[in-house]
Amino acid sequence: MEPQLFQRFAALAYEKAGISIKPGKEALVAARVAKRLRALAIPDAEGYLRYLEEDSSGEELVRFLDVISTHFTSFFREPDHFDLLREELTELLLAGQRRLRLWSAACSTGEEPYSMAMTALGLDGVAGADLKILATDISVDTLRQATEGRYGTPRLEPVPEGLRRRWFKRHPDPRDPDGELWEAGPELKARVVYRRLNLAEPPFPMNGPLDVVFCRNVLIYFDHPTRQRLISAVEKLLRPGGLLCIGHTETLSGIDTRLKMQRPSVFRRPTERAS
């Protein structure tokens, strides 16, 4: 992809979604754009850019942002965060708190929020709790997959056998006579609410207070001003004492926030007395 054309795609991604695409990603952008060229039978990237600019409905812009923002996810990714989630929710339940609100901010195809749900629902004392998990993403395609909650066996490998049998239903794979799909069961799905949300455009429509926020492996896509706006919005939504987990390779360095680092990738909003 020519540098000038790459810059125009990068500028569009930043303007519409706050996604910062650095030079050197030309091959990645070209590969992602090629998916839309095939889908629309458009011969070249220049023509696709014109199509985007002339599409008054905005539908293709959403598709473009879908393919540009797609990133890797898996069940129980960065497992120490789920150990921490288990500890945090256990303490809240023991303290008598019955309302539990969690947010998977960049949920992709659902592995993260379903992992959060399995962790929470496995706790003693959670049976009578009002547990809700908000799961958001900018991609309509990944949200559709997440809502369906169907995964091939290889994607379920990180899920222990006992949890797999308890929380998922097995189905034949219609695309593979020898394969099978595992569908998140109704109890998992009932705890997760999926919504499309652009994290680059706070303030957000939901209400707090939130007990735990997973905003992991998404800050790397944003420039510093966008990260600042996002973290400021998350801080306001967290209850005093609430937790934020970011990706292990991410940092809040240079961000103006009251959140205090508990350990790398884990931050807590101070209680009012401590602030």
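It is to be established whether one or more residues within the stretch 67-88 are touching a strand residue (DSSP E or B) at 6+ places or on another chain (Cβ under 9 Å), surrounded by fewer than 17 Cβ atoms within 10 Å (Cβ to Cβ) and closer than 30 Å to residue 160 by Cβ.
Checked against the condition, which is being touching a strand residue (DSSP E or B) at 6+ places or on another chain (Cβ under 9 Å), surrounded by fewer than 17 Cβ atoms within 10 Å (Cβ to Cβ) and closer than 30 Å to residue 160 by Cβ, the stretch 67-88 yields at least one hit.
What are the residues in the stretch 192-222 that are surrounded by fewer than 20 Cβ atoms within 10 Å (Cβ to Cβ), not hydrophobic (A, V, I, L, M, F, W, C) and not in a strand (DSSP E or B), if any?
Correct list: 198, 201, 202, 203, 205, 207, 208, 209.
Any chance you could count how many residues in the stretch 152-185 are hydroxyl-bearing (Ser, Thr, Tyr) and at pLDDT 95 or above?
0
Of the conditions (1) crowded, with 22+ Cβ neighbours inside 10 Å; (2) out of contact with any strand residue (DSSP E or B) (no Cβ under 6 Å at 6 or more places or on another chain), residue 113 clears all except one; give me its number.
Unmet for residue 113, out of (1) crowded, with 22+ Cβ neighbours inside 10 Å; (2) out of contact with any strand residue (DSSP E or B) (no Cβ under 6 Å at 6 or more places or on another chain): (2).
Given the criterion over 30 Å from residue 35 (Cβ atoms) and outside the structural domain of residue 15 (by TED's automatic domain parsing), identify the matching residue among 158, 225, 177, 203.
Answer to the check: 203.
Answer yes or no: is there a residue in the stretch 232-252 that is in the same structural domain as residue 97 (by TED's automatic domain parsing), more than 22 Å from residue 81 (Cβ to Cβ) and loosely packed, with under 15 Cβ neighbours inside 10 Å.
no
Got a sec? Which of 40, 49, 92, 61 is assigned by TED's automatic domain parsing to the domain that holds residue 194 and either touching a strand residue (DSSP E or B) at 6+ places or on another chain (Cβ under 9 Å) or modelled with pLDDT under 95 (or both)?
92
Mind checking which residues of the stretch 204-226 are touching a helix residue (DSSP H, G or I) at 6+ places or on another chain (Cβ under 6 Å) and at pLDDT below 95?
Listed by number, the residues that qualify are 208, 219.
List the residue pairs whose Cβ atoms are under 8 Å apart, where the first residue sits in the stretch 147-165 and is without any contact (Cβ under 8 Å) to a residue 60 or more places away in the chain, the second is part of a loop (DSSP other than H, G, I, E, B) and surrounded by fewer than 17 Cβ atoms within 10 Å (Cβ to Cβ), and the two are 6 or more positions apart or on different chains.
Going by the 8 Å Cβ cut-off, the qualifying pairs are 163/122.
Quick check: is even one residue across the stretch 12-24 surrounded by fewer than 18 Cβ atoms within 10 Å (Cβ to Cβ), farther than 30 Å from residue 103 by Cα and either without any contact (Cβ under 8 Å) to a residue 24 or more places away in the chain or not assigned by TED's automatic domain parsing to the domain that holds residue 136 (or both)?
Within the stretch 12-24, one or more residues are surrounded by fewer than 18 Cβ atoms within 10 Å (Cβ to Cβ), farther than 30 Å from residue 103 by Cα and either without any contact (Cβ under 8 Å) to a residue 24 or more places away in the chain or not assigned by TED's automatic domain parsing to the domain that holds residue 136 (or both).
Could you list, in sequence order, the residues of the stretch 81-139 that are in a helix (DSSP H, G or I), in contact with a helix residue (DSSP H, G or I) (Cβ under 6 Å, 6 or more places away or on another chain) and of a type in the set (Val, Ile, Thr)?
119
Residue 193 is checked against (1) at pLDDT 90 or above; (2) more than 30 Å from residue 93 (Cα to Cα) and fails just one. What number does that condition carry?
Result: residue 193 passes all but (2).
Residues that are more than 20 Å from residue 192 (Cα to Cα) and of a type outside the set (Gly, Ala, Ser): does the stretch 98-115 have at least one?
no
Would you confirm whether any residue within the stretch 219-230 is under 21 Å from residue 101 (Cβ atoms) and among the β-branched types (Val, Ile, Thr)?
Taking every residue of the stretch 219-230 in turn, none turns out to be under 21 Å from residue 101 (Cβ atoms) and among the β-branched types (Val, Ile, Thr).
Using the structure shown, decide if residue 257 is loosely packed, with under 14 Cβ neighbours inside 10 Å, assigned to a loop (DSSP other than H, G, I, E, B) and not aliphatic (A, V, I, L, M).
no
Determine if the stretch 15-22 includes at least one residue that is out of contact with any Gly (no Cβ under 8 Å at 6 or more places or on another chain) and modelled with pLDDT of 85 or more.
no
Considering 38, 32, 77, which residue is basic (Lys, Arg) and without any contact (Cβ under 8 Å) to a residue 12 or more places away in the chain?
Just one listed residue meets the conditions, 38.
The values are calculated or read from the model by the stated rules, or taken from the named source; none is laboratory data. Remember, predicted model here, so these are calculated numbers, not experimental data. Every residue, glycine as well, gets a Cβ built from its backbone with ideal geometry; the counts of neighbours run over all protein chains shown.
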